[in-house]
1. Do we have any residue at all in the stretch 179-188 that's within 18 Å of Val34 (Cα to Cα), part of a helix (DSSP H, G or I) and within 11 Å of the chain's Cα centre (by Cα)?
2. If a residue counts only when it is at pLDDT 75 or above, open to solvent by 100 Å² or more (accessible area, probe 1.4 Å) and over 19 Å from Met178 (Cβ atoms), which helices (runs of 4 or more DSSP H) contained entirely in the stretch 1-97 have at least 1 such residues?
3. Which of the residues belonging to the stretch 129-140 are assigned to a loop (DSSP other than H, G, I, E, B) and surrounded by 22 or more Cβ atoms within 10 Å (Cβ to Cβ)?
4. In the stretch 144-195, how many residues are closer than 30 Å to Met25 by Cα and open to solvent by less than 30 Å² (accessible area, probe 1.4 Å)?
Amino acid sequence: MQNRMEVGYIESLQQAAQSAAKLLMNISERQTLVMKSIFLKASEIAKVDWLKVNILKSAEHGQTFNELLVFRNKPVLYVIEIVNDIDHELLLKAFHDYTQTGLRAFPSFWNNRLNNKGHKILYVGKVVRNFHGRVIQHMGYHKSSQTQGLQLAHWAALIGVDVKINYCVFEPEESSLMSILEYQLADTLKPLLGKHK
């Protein structure tokens, strides 16, 4: 038999689940969900050492990042895809070789997914805030080498990988749902990099 405290926890859990379900239903029925994109050409990513130059003030990327700063306090769900044709073996070798250097932190990867030749979805991710900073991390230009990201400038750009970062901005009260949405989207899209459990 459960005591009053345990029953109270169960009721609280059920209320939390109902609240989350209501938010998820609102998102699924929302007509105003918009997916936007940032295109990053390999030559642009690798052209400048953004560790030394403030990318937020750069002529090449300043406008893009200033647009991202507008919703810095909102959660974002994003998909990074390869947009050009790249030899799959070359992609795997470049990624593997750079991860072996230990110079920067990478997301985990599924070995079985890396063998999906021609698969273009590189990564699925989410942030609760500061999406612009997460993009910088994925480009490979975060000050800390221990901050995990795709580090595109250090391997992908060197073999000419062009990427598009597709993203959807949510409301702050929906931030607690980002992990659920990220997991479900990754399960559907099966990105080459990133373990989603």
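1. Within the stretch 179-188, one or more residues are within 18 Å of Val34 (Cα to Cα), part of a helix (DSSP H, G or I) and within 11 Å of the chain's Cα centre (by Cα).
2. Ranges flagged: 4-29, 62-69.
3. Gly140
4. Total satisfying the criteria: 14.
The values are calculated or read from the model by the stated rules, or taken from the named source; none is laboratory data. Just so you know, these numbers come straight off a predicted model, no measurement behind them. When we count neighbours, we look across all protein chains shown, and the Cβ atoms used for this are built from the backbone with ideal geometry, even at glycine. Accessible surface areas use protein heavy atoms only, side chains included; no ligands, DNA or RNA. Shrake-Rupley method; radii C 1.70, N 1.55, O 1.52, S 1.80 Å.
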